[in-house]
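Input: a single structure, listed below in structure tokens.
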């Protein structure tokens, strides 16, 4: 193996390690950010209930809330102190749409035989 190949191999290995470390840091920071406003954290009270946009947010992070609820019994998937119908609408809109994986209206793609 030539000297040039060894240097290239080491640089590629270092770049891969840096990319892996950066990816790990992004995952950890994303998890912390997403769990900062999880339902049941005490931010919503009977005097200041969660509204429509909190419902949307709680719907988006519902899978994370479910996992967090396994480890902390005070965390919930659904905020109990909410404004009612508007919170429910936001929550279910986010659950149905997910992260854009599902859509309420889909274009049909049909292949025409020629």
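The values are calculated or read from the model by the stated rules, or taken from the named source; none is laboratory data. If you're wondering where the values come from, they're calculated on a predicted model, not measured in any experiment. Backbone-built Cβ (ideal geometry, glycine too); neighbour counts: all protein chains shown.
So how many residues does the stretch 67-98 have that are outside any loop (DSSP other than H, G, I, E, B) and surrounded by fewer than 17 Cβ atoms within 10 Å (Cβ to Cβ)? Quick ask: steps written out before the conclusion?
From the stretch 67-98, those outside any loop (DSSP other than H, G, I, E, B) are 67-71, 82, 85-97; that's our starting set.
Now restrict to residues that are surrounded by fewer than 17 Cβ atoms within 10 Å (Cβ to Cβ): 67, 69-71, 85-86, 88-89, 92-93, 96-97.
Matching residues across the stretch 67-98 total 12.
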Please enumerate the residues belonging to the stretch 1-39 that are modelled with pLDDT under 75 and either outside any helix (DSSP H, G or I) or in contact with a strand residue (DSSP E or B) (Cβ under 8 Å, 6 or more places away or on another chain) (or both).
-> 1, 2
Within the stretch 40-61, restricting attention to residues that are in a loop (DSSP other than H, G, I, E, B) and farther than 18 Å from residue 74 by Cα, which residue is nearest to the chain's Cα centre (by Cα)?
-> 51
